[in-house]
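Here's the structure we're looking at; comments come further down.
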Amino acid sequence: MNVIVAQSGGPTSVINASLAGVISAAIDHDFDKIYLSQHGIEGIINGEIQEVDKDKFVNDSISDKLKARPSSILGSCRYKLADDFSDSVYEKIFDSLSKYDISSLIYIGGNDSMDTVMKLNDYMDQNEIAGINIIGCPKTIDNDLEVMDHSPGFGSAAKFIATTTRTLRTDVDIYDLKSVTFVEIMGRHAGWLAASSLVANHGLDKRAVNLVYIPENEVSITDIMDDIKRELETENNLLVALAEGFRDKDGKLDEDTFSNASDGFGHKIVSGVGERLANIIRNELEIKSRAVELNIVQRTNSLISATDADEAYELGKRALELSIDKTNLIPILIRTSDAPYEVEYTEVSPDEIANHESTIPTDWITDFNTLEENITTYTLPLIAGELDQNFENGIPVFVELADFTK
């Protein structure tokens, strides 16, 4: 048995924990060779493949080091497979898998990556290809994967966002004047990450985050100005969280917020809504207003949730175990209890996740207090615990691919 693993789509802080789970399980189940594809499915197409040195992996405790290493150590891609199975790329992929005598392919990724898993399995069915099992392993900081309670990567991103907004609060409070600081947080169509900033309020007498605006709850610029004026009656300095995909119902925020560039799946690159809103508020209310864009640092930070890393590792392990005698599945987790926090694991077909998006439930966003209560109860268990990092000369040092490959 030979397995090949690839990572695809946007990185997370725990995507390598899933990789560690796959490799560890492959060693435990006596797989002959463990291969790593660089840059997702493109690595399989282009022959960018390395082999794991199993002795190094075990003897040098690489599994723990991978769990503490943010971003995709294998590199990534946003490569959309054609809907037409006559495309020569499919033949290249399966020729490559045959060359390395692959029995299992584990593809770690989000919604779009599960589209790749689904298409490869459909191609095998259509062409009666046997002997290869292709399994997905879920991840995304956006927390928008359907049928799962939450997505691996979200917990660590939420931990960073809550920590950062609480820290920013100590800065915005220093001046005795009226001000608004907008914090732009990732989230194209789903507001999970922006809403997770409200966890920063937990246990405080004074809120760290005063207002939050998410794609699921469209309001007008006038509504936002009214909210800000109301909050400024009792507090000088406001911190407002908003999702990068938030748009007002009047369309005033559309200007200069979508670029012309897009990724391989046709998703427009989003940026600038925080700065645009800060400018409007500065001009209309004549107060100090600024924007902080967290950008990619929120998805690949080293402030990793131990809970998130452990769950990502377990999903990687289960993905490998499923691949031994099954194909076209994705391991997922379901929450069974909030207190104590408990989850159980099962699996679903990739068509239940591919090309779908899960957003915050409507009944969670009836008002600010309801959203804060629900998102805090939901998110607190996911950000629990920290991982030890290896520091040299005062800065973290991360494991590299050469440390465990031949």
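The values are calculated or read from the model by the stated rules, or taken from the named source; none is laboratory data. As the structure is a prediction and not an experimental result, all values here were calculated from the model. Cβ: placed from backbone, ideal geometry, glycine included. Neighbour counts: every protein chain shown. Surface accessibility is based on the protein's heavy atoms, side chains included, excluding ligands, DNA and RNA. Shrake-Rupley method; radii C 1.70, N 1.55, O 1.52, S 1.80 Å.
Things worth noting here:
- Any hit, the stretch 123-140, residues being small (Gly, Ala, Ser), in contact (Cβ under 8 Å) with a residue 60 or more places away in the chain, in a loop (DSSP other than H, G, I, E, B) and surrounded by fewer than 20 Cβ atoms within 10 Å (Cβ to Cβ): no
- Selection of the stretch 55-88 for residues being of a type in the set (Gly, Ala, Ser) and in a loop (DSSP other than H, G, I, E, B) yields Ser61, Ala68, Ser71, Ser72, Gly75, Ser76, Ala82, Ser86.
- Taken together, Gly187, Gly155 contain a single residue that is part of a helix (DSSP H, G or I), open to solvent by less than 40 Å² (accessible area, probe 1.4 Å) and touching a residue at least 24 places away in the same chain (Cβ under 8 Å), which is Gly155.
- Residues of the stretch 218-247 satisfying the condition of being under 27 Å from the mean Cα position of the chain (by Cα), surrounded by 20 or more Cβ atoms within 10 Å (Cβ to Cβ) and of a type outside the set (Gly, Ala, Ser): Leu239, Val240, Leu242, Glu244, Phe246
- Taken over the stretch 319-350, the criterion of being open to solvent by less than 80 Å² (accessible area, probe 1.4 Å) and not in a strand (DSSP E or B) is satisfied by Ala319, Leu320, Glu321, Leu322, Ser323, Ile324, Thr327, Asn328, Leu329, Ser349, Pro350.
- All positions within the stretch 190-214 that are hydroxyl-bearing (Ser, Thr, Tyr) and either in a helix (DSSP H, G or I) or in contact with a Cys (Cβ under 6 Å, 6 or more places away or on another chain) (or both): Ser196, Ser197
- Verdict on Asn355 being surrounded by 11 or more Cβ atoms within 10 Å (Cβ to Cβ) and closer than 27 Å to Asn201 by Cα: no
- Scanning the stretch 26-74 for residues that are surrounded by 23 or more Cβ atoms within 10 Å (Cβ to Cβ) and without any contact (Cβ under 8 Å) to a residue 40 or more places away in the chain turns up Ile34, Ser37, Gly43.
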